[in-house]
Every structure is written in C-alpha cells, then in structure tokens.
Amino acid sequence: MNMPYKQLSSGIDVPILGLGTWQLQGATCVEVIKKAFAIGYRHFDTAAIYKNHEAVAEGLAGKPRGDIFLVSKLWHEEHHPDLVEPALDRALKELKTDYLDLYLVHWPKQKAHFPEVMYEMEKMRKKGKIRSMGTCNATIHHMQDVLNQGLDIPVNQVELHPFFQQEELAKFCRIKAIAITAYSPLARGAVLESPVLQKLAEKHGKTAGQIALAWCLKNNYIVIPKATSEKHLQENFAASSLHLSQSDMDEIRAIDEDRRLILPDFAEFDY
C-alpha cells in the first residue's frame, strides 16, 4: 500500500503517516527503521535531543534519499539566530544527508528571538539545507509572532489525540494554512482503554489505536506514532486506509478531556 501525501503551504509533499522515533536508541532504533521502511514508511521524525540521529541514519543507509521524508528539530537551548546553522550542520552530519525535508523549532521560546530564529530557518531553506521549516509545540501566540513578521509556518507539530483535541489551535492552523502533525496520537497507549474507541474498533474490525490514528487523518492531520514491534508498525501503517463516518467522528469528538500528557517545565503553553 502506498502512503497518501499531504501538500504543505511551502509546496512540498509529506507522507500523512510517519514514524516517530522519540526514545528509540541504538540497535533497536536501527532495526525499527529498517522494518518500517520495508513495510512502506517513508516519513521519519527525529530531533537533536533524541540523541538518535546516527541510528536513524544507519537504519536508512542505502535507501534512496529521494524516497525519504526526513524531519529533525532545533532544540530550544539553541534558539538563537547565531546557532541555527551550526546546529543544522551538525544534524546533517549525524544523519548523513545533505538536506532535511523538514526542520522544526523545538519548544519555541518567545523571549529567545523566536521570530528571528524562524527567519534564520528560512535562510537555511534558501540555501537548500532544508526543504521546509516549521515549529513544534508552538502556541497560537508563538505562531502569530512569526506570521506578523511576514514569515510562513508550513507545519506545527503538537501533542494531539482524542483526549486532547486542541480545537482552538487546530482552527487557527486551518485558517492560516498551517499543517498540524500530531505526536503522541495514541496518548501513550491510553486510547487502547477507551470504551468509545474500543466500540468503534469492534465495529470496523480494527484496533482502538487504528481508530485514533484514522480520526487524526480524517481531520487532515499528519501523524507520527511511535512503534517498535512489526505488528504495531503494520497496524499503524494500515490505519491510513481506514474510513470513519461522520457519526464515528462525532463520537470521538465527545471524548475530548483537554488531557495534555507532555508538559516539561520549560514549555510556554501559557504564552
């Protein structure tokens, strides 16, 4: 099965379902990447802070670069205009590639030159070191600061799942043509215990996890679930072909609890 693509406002196409690699390390990461590629995954998401660039590169070694959509992120401690290019060059070296398809500002800091950092990211795009840029964990206020400078934000990657649907942020992104990538779309496994998702899973002959992913995709979000077993990699990949009805979507919308799971002390979600 070929994975459908979504076109970003920057004009590039991204596979709508990819593999998140947070907490994947060493040989395990290498093998998971190899299995995922064999299944059909082409979108791989990593970050400098994950400390697995080299393992991701090893897993993708020998694969045609043009077939791969590779994402990494600029850690918040390097959110200064002078640090953007050196950090990117380091990531490129570790990932053994000449460019990234998408480079995200990881946990933006509104007091640390955030719009200026995004301007530097745009310069990296013009240099050909990245094909597109974006943000990760940006609030509406963060994004508006950037948009006010005349810069585009093709993607904002955020925690999003049936228990944390972020409707206000999602509406803002739709209006501004900012694609959303949902991380932790399975709510760290909590979706598997949801009676509503279990009922829908039985109805469709699928798993509750596949229902949660299909809900994200039906909402036109990109998703990057993490998995390690071949079984779960296969199940997640197959979710892209699952069709949910409007009544299914309405049932899932009703279970929103505003339950954020990822809240580090340096986050600026109150900005």
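Per-structure values
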item	result
Single unsatisfied condition, Ser245 versus (1) surrounded by 14 or more Cβ atoms within 10 Å (Cβ to Cβ); (2) more than 22 Å from Ser72 (Cα to Cα)	(1)
Answer from Ala254, Ala238 - the residue that is out of contact with any helix residue (DSSP H, G or I) (no Cβ under 6 Å at 6 or more places or on another chain), over 15 Å from Gly18 (Cα atoms) and touching a residue at least 40 places away in the same chain (Cβ under 8 Å)	Ala254
Qualifying position, being under 20 Å from the mean Cα position of the chain (by Cα), surrounded by fewer than 18 Cβ atoms within 10 Å (Cβ to Cβ) and not aromatic (Phe, Trp, Tyr), among Ile153, Ile140, Ile130	Ile140
Tally, over segment 193-208, of residues that are over 21 Å from Glu167 (Cβ atoms), touching a helix residue (DSSP H, G or I) at 6+ places or on another chain (Cβ under 6 Å) and surrounded by 16 or more Cβ atoms within 10 Å (Cβ to Cβ)	3
Residue match in segment 3-24 (condition: in contact with a His (Cβ under 8 Å, 6 or more places away or on another chain), within 26 Å of Val105 (Cβ to Cβ) and among the polar types (S, T, N, Q))	no
Condition met for Leu233 (buried (at least 17 other Cβ atoms within 10 Å of the Cβ) and modelled with pLDDT of 95 or more)	yes
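The values are calculated or read from the model by the stated rules, or taken from the named source; none is laboratory data. Computed from a predicted model, the values in this text were never measured in an experiment. Quick reminder, even Gly has a Cβ in these numbers, built from the backbone with ideal geometry, and neighbours come from all protein chains shown.
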